[in-house]
Amino acid sequence: MTQRACNQDKWARAQRRKSSRSNGGTSGECVEVLYEGGGFGIADTKLGDSSPIFDLPTGDFTGLLSGIKSGEID
């Protein structure tokens, strides 16, 4: 899987979803997924605007989700 930290500007208009399961969903320390133009980004919400956003092509993001759901990735 290829990942690279990306410029925040690329994700300015992206659709964003924050995990409700990340650390109970109440402490603000969550993983956020961004979607823009056929690609996905992953950010750490506890870092706010200074969080790097890791850019993942759709196939890599799908593989990541499959690995998490199957328990292969913890």
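Coordinate-derived values only; no laboratory data. Since the structure is predicted, the reported quantities are computational estimates derived from the model, not experimental observations. With ideal geometry, Cβ positions are generated from the backbone for all residues, glycine too; neighbour counts draw on all protein chains shown.
Data table
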| item | result |
| --- | --- |
| Extension gain from S50 to I68, taking 0.36 nm per residue of separation minus the Cα-Cα distance | 3.9 nm |
| Residues with amide H under 5 Å from that of I53, placed H, sequence gap 5 or more | C6 |
| Among 30-37, 67-74, 47-54, the order from most to least packed when residues are scored by Cβ within 10 Å on average | 30-37, 47-54, 67-74 |
